[in-house]
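The values are calculated or read from the model by the stated rules, or taken from the named source; none is laboratory data. Since this is a predicted model, take the numbers as computed values, not measurements. Reconstructed Cβ throughout: ideal geometry from the backbone, glycine too, with neighbour counts over all protein chains shown. Quick note on the areas: whole protein, heavy atoms, side chains included, nothing else; ligands and nucleic acids left out. Shrake-Rupley method; radii C 1.70, N 1.55, O 1.52, S 1.80 Å.
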Amino acid sequence: MCDTCGCNITPGNAHLLRNDGPLARSADGREAITLLKGLLSENDRQAAHNREHFDRQGVLALNLMSSPGSGKTALLEATIEALAGKLRIAVIEGDLETENDAERIRAKGVPAVQIATGTACHLDAHMVHDALHRLDLDNIDILFIENVGNLVCPASFDLGHHRNITLLSVTEGDDKPAKYPVMFRAADVMLISKADLLAVLDDFDPAAAERHLRNLASRAPVLTVAARKQRDIDAWLEWLRTEVAAQRERVARRETLHPAVQSEGQALHANSGTGQPHRFVRLP
Amino acid sequence: MHELSVCQALVRQLDEIVQRERAIRITQVVVRIGPLSGVEAQLLRQAYPVASAGTPAAHAELILETLPIRVACESCGAETNATANRLICGVCGDYHTRLLSGDELLLAQVELERDELATASGRH
Ligand SMILES: Nc1nc2c(ncn2[C@@H]2O[C@H](COP(=O)(O)OP(=O)(O)O)[C@@H](O)[C@H]2O)c(=O)[nH]1
Ligand SMILES: [Mg+2]
Ligand SMILES: [Zn+2]
Ligand SMILES: [Zn+2]
């Protein structure tokens, strides 16, 4: 087990921990119950509640995921500057506190809430819920949630957001999608970040990165961005504008949207409703 | 890495079942984890004793089942086996496929033990 990630008890789920089960006494009658219930159904319930908050207030909620240092915060800074006076932005900052990412965002004049993740390796829906109540979402168009820099854990937790944005910086290998299929399969858009460095790095091939992504049966668009140096985030800004418009239409139609991660397998093998679990007595 | 928090979510569900069923303990748990669920079976197994300590699910036998990764092709209609980082159609190679199985993260079955005396006498 990863003993540095400490994702055991997060401030957001601590209140759910109960260890006061009934006393065990010996008995014979054993019974088996089949359930087929999502292991993270509690998180999913909270995520659905968060999504209702976002939809009611007409907010587009976007979850940013990547390795540490792939340029999530730098992209947010550049995006805030570019959209100043055009779209209203707020940020929930879940990346490591010590990086002072929330301070970097606030310095751009945008409300930011830092989640005290401690050493946790992912955000969950409860943590995001606590944070969103510390923001005034009424006057916000886009809420960015910067997840913990980690290509494994964040992919498993729905936060109630509408879209997953996965960054792959050109200083990483272009085969990252093949190495972290769960994360990259969940991407609604893949951003090849630090593209200004492509000129000096000859071992990152954007076409190869996209091929690895397509091998995951992903139809997500692949965009390149440079947030520093020769800044170029035009394609990304265009994607954002389209998504904001789409969210406004959904809200008007009282519809919502889940991140694209195809969960047909999960759905096929789970009871969709909350119907009575099928039960049978186990043969000795 | 996040397997401990997943395991804690599992233990909370088991706890709820114990309460709801007025059982006294859980003796066996069957969990279905797909290779694309993002959860490592080995890490989940290691986390289980830690997460379940002191609960009615402590000491339960944990059975982890895996379903194969299968995809259905939207181009040619074939249903084929796939691997975690190659989810394209096994027949025509198209990437426009749908996952049929392999991303499950499910509590499939629970075996629990009741206090028969209490049940027989109608005491709950
Ligand atoms: N050359 C270049 N460096 C970048 C770019 N974006 C971020 N960086 C650098 O990469 C490092 C990590 O960036 P940061 O935004 O903190 O990454 P995060 O951990 O994903 O939030 C910093 O030193 C940034 O200056 C970029 O577009 N081009
Ligand atoms: Mg950051
Ligand atoms: Zn972890
Ligand atoms: Zn095919």
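Quick notes on this one:
- Long-range HN-HN contacts of A:Asp205 with modeled amide H, under 5 Å: A:Asp174
- Computed with a 1.4 Å probe over protein heavy atoms only, the accessible area of A:Lys194 comes to about 60 Å².
- Per-residue mean of C-beta atoms belonging to partner chains within 10 Å, peptide B:12-21: 4
- When peptides A:60-66, A:42-48, A:168-174 are sorted by average Cβ neighbour count within 10 Å, with the highest value leading, the order is A:60-66, A:168-174, A:42-48.
- Rounded Å value of the spacing that divides the Cα centres of the stretch B:52-83 and the stretch A:144-158: 22 Å
- Relative to the Cα centre, the charge distribution of the stretch A:32-188, modelled as +1 at Lys and Arg Cβ and -1 at Asp and Glu Cβ, gives a dipole magnitude of about 260 debye.
- Neighbour net charge for B:Ile33 - beta-carbon separation under 11 angstrom, K R +1, D E -1: -3
- Shielding by other protein chains, B:96-102, mean Cβ within 10 Å: 5
- The charge dipole of chain B, taken about its Cα centre with unit charges on the Cβ of Lys, Arg, Asp and Glu (plus for the first two, minus for the last two), comes to roughly 140 debye.
- Note on the stretch A:2-270: lysine pairs with Cα distance below 26 Å, sequence gap of 8 or more or different chains, count 15.
- Peptide A:158-168 shows a mean partner chain C-beta count of 0 within 10 Å per residue C-beta.
- Computed from phi, the 3J(HN,Hα) profile of the stretch B:20-26 under the Karplus parametrisation 6.51, -1.76, 1.60 (θ = phi - 60°) reads 4, 8, 6, 8, 10, 7, 9 Hz, with x in place of Gly and Pro.
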